[in-house]
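The values are calculated or read from the model by the stated rules, or taken from the named source; none is laboratory data. These figures come from a predicted structure and were not determined experimentally. Cβ coordinates were reconstructed from backbone atoms using ideal geometry, including for glycine residues, and neighbour counts include every protein chain displayed. Note: accessible area is taken over every heavy atom of the protein model, side chains too, but ligands, DNA and RNA are not part of it. Shrake-Rupley method; radii C 1.70, N 1.55, O 1.52, S 1.80 Å.
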Amino acid sequence: GFEVTLLDRSLDDANAAFDRAKKARPPHFFLSETADKIAIGSIEDGSDAIREADWVCEAIFENLNAKQGLFSLIEPLLKPDAMISTNTSGLEIALLSEGRSPSFCRRFLGTHFFNPPRYLKLLELIPTPLTDPKIVEELTQFLEERAARRVVLAKDTPGFIANRYGMWCMYKAVHTAEKLGLTVEQTDLITGPYLGRPKSGSFRLNDLVGIDVMDAIATNLIDRCEHDPHTNILRSPNSIEFLKEKGWLGSKSRQGYYRKEGRELVALDLYTQAYREMQRPEITSITEYGRLPFPERLQKGLNAIDEAGEFLRHYLVPSLQYANAIKEEVSHNVQDFDRVMQWGFGWQAGPFEMIDIIGAEKLGISGGRFYEGAKIRGFDGEQFKPNPEPGFATVHDFPVVDEGEGYRLRDFGDGISGLCLTHQMGVWSPETVRSVGELLSSGRIGRMVLTSEGRAYGAGYDLKHLLACIESEDFEQIDASLREFQELGMLIGTIPSVAAVFGFCLGGGFEMAASCSMIAASAESQIGLPEMLVGVVPGGGGTGIMRLRNQSDAKSLVNAITLIAAGHTAKNADEARELGFLRRADKTIYHPDRVLTEAISLARDVIVSPRPVWAEVAGPAVGMADRELEQKNKRGELSEYDLQIGDLVKPILGRASSFEHACEMERAAFIQLCQDGLTQARMKHMVETNKPLRN
């Protein structure tokens, strides 16, 4: 919703760079057409844009003189109340403001975004001693409420928190792997999800960041942190030196520690310095402990007598000790330090949380625990309670007032109940459907937010229950279960309610969300009706819901039929609205940590809207859908069995006479498909592998 102008040295430079940005994978934009709203120009011709801007953010290359020269050029153009910031990743902010006017300096600070900002919510905010504290407060509020950021206030030191510590850890991992004779694949296996970090591990992360970027940041830190006795770690390991000389800088040059050859990925051998076929390492402790809760996994891993244990003792222990050594220099408290690594690097736990898990005394760190309940140990040794953050409340911040099979009922305040599913993926089982139905039928719920305490809002209906019924040939039970699920959706529709959606909102999860008065969806939610991937049609009223939302004309109805028959899922909430899964009144919540609080706010005023009248639809819709699905089959997008499923979808949306009739038809089609061996194979494959089978 912001008016944005992007300026570069010349219009050609700006267009060339922006064209690359538009083609980025994963994409920077939720919808490709959003890019068309951004104005492109040159510094020379963009003076009007600078004069009109409320915020000017500099993000040119990391060179002190170049940045100072740019500020000198644009300062006369700034509005008196315009914000001015730099996105530098390591240069001290005070150095960049030298020579500028008092007015400029009071409005100037660092806004260090993390790349790609769509997926990484952290922003390090770095004021100088000359920055007006009121400006810091106002910008923090704007960034957290309007720009989908989580802000951490960092001290104006080289690299701030993220690069000072994060880059040290990245280099330390490479040095350790080379010292211990580990492969890049072994190292990435150890430093990925096993260590509570993203799948990229260490070497894939290096490729994503870029070897040249790593080298520039490391060199800057070595030059500017002469007082730090530990910066020797930032000197190039053999493999980084080799890659620099070759110009193999990672993903941007299509090769670094990994390279794609055809469809295969090959890896750099750290010792021969040649690429070879990928190896699939097996490490005993990772196999044994990989599924344990993180604290237990971490403790056992450090004591393991294998490659992972040896790596953690040589890498993790010094890394935690280094965090403790620099904490007061770079951060205001250990929670800020931990949050930077969690929100900017995707770590499950920050270094000080890990120190508490392992035990500070075992690491030679004095002072005891850093966290005690809701309190944090400050640098003065005294415990303090951080300021509350009601805007970022989670379900666990609200009291439980009741619970039943598969749900907890929480008090969200203001007469709003929080109906929170407890399955880790928000799956609806028959028992959960029944217990929730009994709760809602009791009349105890006035206003409601429907959400989940798990990793996702709702991944669908319980496939294991369906398979059990199929194996016992109890198709009457399937019909009864689906009928109860459909009736639950209708019951939800009678209550003023908002679905707080995040992660997956698929199949049955979508059907229950769509039954609510409104959906508040996290922008990155995957939303849709992919039942075709397990060989069935929607069974919780999804066909009727999509019919009502797409009955304005034949083209819209064809789109709905095709979406269901092809099992298409929207990759984000904005796309879901374009495809017709979300209504125009449903809200996209761009801040990943504000979905619940925004949903609660919406629930205070939301009203129940009567179900739209079931209208007649233009006759040619079914025939048009036939042609569309046949074309997808010819292009290899749909199998012959997919077409058979589509043949059952078309009459439900095209010929049902009412919502209730559509529900009856979808149950009949669902049961018919459950009796087919191809559907049974799809369901079994999904349960066993969590991947679809396109038979």
*Could you check Tyr119 against (1) modelled with pLDDT of 95 or more; (2) hydroxyl-bearing (Ser, Thr, Tyr); (3) farther than 17 Å from Ile60 by Cβ and say which number it fails?*
(1)
*Determine whether the stretch 525-546 contains at least one residue that is open to solvent by 30 Å² or more (accessible area, probe 1.4 Å), aliphatic (A, V, I, L, M) and modelled with pLDDT of 95 or more.*
yes
_Residue among Leu270, Leu320, Leu208 that alone is of a type in the set (A, V, I, L, M), in a helix (DSSP H, G or I) and either at pLDDT 95 or above or surrounded by 20 or more Cβ atoms within 10 Å (Cβ to Cβ) (or both)_ = Leu320
*Under the condition of being surrounded by 21 or more Cβ atoms within 10 Å (Cβ to Cβ) and touching a strand residue (DSSP E or B) at 6+ places or on another chain (Cβ under 6 Å), which residue from the stretch 559-581 is nearest to Ile495 (Cα to Cα)?*
Phe581
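Here is a yes/no grid of residues against (1) among the aliphatic types (A, V, I, L, M); (2) surrounded by fewer than 19 Cβ atoms within 10 Å (Cβ to Cβ); (3) in contact with a helix residue (DSSP H, G or I) (Cβ under 9 Å, 6 or more places away or on another chain); (4) farther than 29 Å from Arg377 by Cα:
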{"site": "Ser253", "(1), (2), (3), (4)": "no, yes, yes, yes"}
{"site": "Ile305", "(1), (2), (3), (4)": "yes, yes, yes, yes"}
{"site": "Tyr315", "(1), (2), (3), (4)": "no, no, yes, no"}
{"site": "Asp338", "(1), (2), (3), (4)": "no, no, yes, no"}
*Which numbered condition Lys172 misses (of (1) assigned to a helix (DSSP H, G or I); (2) open to solvent by less than 30 Å² (accessible area, probe 1.4 Å); (3) in contact (Cβ under 8 Å) with a residue 24 or more places away in the chain)*: (2)
_Which count do you get for residues in the stretch 5-33 that are surrounded by 11 or more Cβ atoms within 10 Å (Cβ to Cβ) and either part of a loop (DSSP other than H, G, I, E, B) or in contact with a Phe, Trp or Tyr (Cβ under 9 Å, 6 or more places away or on another chain) (or both)?_
12
*Filter the stretch 216-230 for residues that are surrounded by 15 or more Cβ atoms within 10 Å (Cβ to Cβ) and either touching a residue at least 24 places away in the same chain (Cβ under 8 Å) or closer than 19 Å to Asp188 by Cβ (or both) and give the result.*
Ala216, Ile217, Ala218, Asn220, Leu221, Arg224, Cys225, Asp228
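For the stretch 65-113, how many residues meet the condition of being among the acidic types (Asp, Glu) and under 19 Å from Pro158 (Cα atoms)?
The qualifying residues number 2.
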_Within the stretch 115-157, take every residue that is β-branched (Val, Ile, Thr) and in contact (Cβ under 8 Å) with a residue 60 or more places away in the chain and give me the one that is surrounded by the most Cβ atoms within 10 Å (Cβ to Cβ)._
Val152
_Yes or no: the stretch 417-424 includes at least one residue that is open to solvent by 70 Å² or more (accessible area, probe 1.4 Å), of a type outside the set (Asp, Glu) and in contact (Cβ under 8 Å) with a residue 24 or more places away in the chain._
yes
_Subset of the stretch 159-169 that is touching a Gly at 6+ places or on another chain (Cβ under 6 Å) and open to solvent by less than 10 Å² (accessible area, probe 1.4 Å) - its residue that is nearest to Val317 (Cα to Cα)_ = Ala162
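The rows are residues; the columns are (1) over 23 Å from Glu62 (Cα atoms); (2) charged (D, E, K, R); (3) under 26 Å from the mean Cα position of the chain (by Cα).
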{"position": "Ala162", "(1), (2), (3)": "no, no, yes"}
{"position": "His175", "(1), (2), (3)": "yes, no, no"}
{"position": "Glu178", "(1), (2), (3)": "yes, yes, no"}
{"position": "Ile190", "(1), (2), (3)": "yes, no, yes"}
{"position": "Asn206", "(1), (2), (3)": "no, no, yes"}
{"position": "Met214", "(1), (2), (3)": "no, no, yes"}
{"position": "Leu221", "(1), (2), (3)": "no, no, no"}
{"position": "Arg224", "(1), (2), (3)": "no, yes, no"}
{"position": "Pro229", "(1), (2), (3)": "yes, no, no"}
*Hey, can you tell me all the residues within the stretch 664-679 that are open to solvent by 30 Å² or more (accessible area, probe 1.4 Å) and either within 13 Å of Gly544 (Cβ to Cβ) or not small (Gly, Ala, Ser) (or both)?*
Glu664, Met665, Gln672, Gln675, Asp676, Leu678
_Contact list please: Cβ distance under 8 Å, first residue in the stretch 475-502 and under 20 Å from Thr451 (Cβ atoms), second residue in a strand (DSSP E or B) and among the basic types (Lys, Arg), pairs at least six apart or on different chains._
Ile495/Arg447; Pro496/Arg447; Ser497/Arg447
*asked:* Can you find a residue that is over 25 Å from Lys587 (Cα atoms), touching a residue at least 12 places away in the same chain (Cβ under 8 Å) and touching a helix residue (DSSP H, G or I) at 6+ places or on another chain (Cβ under 8 Å) anywhere in the stretch 24-35?
replied: no
*Taking into account only those residues within the stretch 604-614 that are in contact (Cβ under 8 Å) with a residue 24 or more places away in the chain and open to solvent by 40 Å² or more (accessible area, probe 1.4 Å), which is nearest to Arg146 (Cα to Cα)?*
Arg604
_Among the listed residues Gly437, Gly406, Gly359, Gly458, identify the single one that is within 21 Å of Ser481 (Cα to Cα), surrounded by fewer than 20 Cβ atoms within 10 Å (Cβ to Cβ), modelled with pLDDT of 95 or more and of a type outside the set (Ser, Thr, Tyr)._
Gly437
_Looking at Ala456, Ala521 in this structure, which one is among the aliphatic types (A, V, I, L, M) and more than 28 Å from Pro612 (Cα to Cα)?_
Ala456
*asked:* I'd like the full set of residues that are in a loop (DSSP other than H, G, I, E, B) and out of contact with any Asp or Glu (no Cβ under 9 Å at 6 or more places or on another chain), limited to the stretch 249-267.
replied: Arg254, Gly262, Arg263
*asked:* Within the stretch 616-649, take every residue that is within 19 Å of Glu664 (Cβ to Cβ) and at pLDDT 90 or above and give me the one that is most open to solvent (accessible area, probe 1.4 Å).
replied: Asp647
_Matching residues in the stretch 34-80 - criterion: being aromatic (Phe, Trp, Tyr), open to solvent by 50 Å² or more (accessible area, probe 1.4 Å) and not in a strand (DSSP E or B)_ = Phe61
*For Ser601, all conditions in the list (1) touching a residue at least 40 places away in the same chain (Cβ under 8 Å); (2) surrounded by 12 or more Cβ atoms within 10 Å (Cβ to Cβ); (3) under 30 Å from Asp397 (Cβ atoms) hold save one; what is the number of the exception?*
(1)
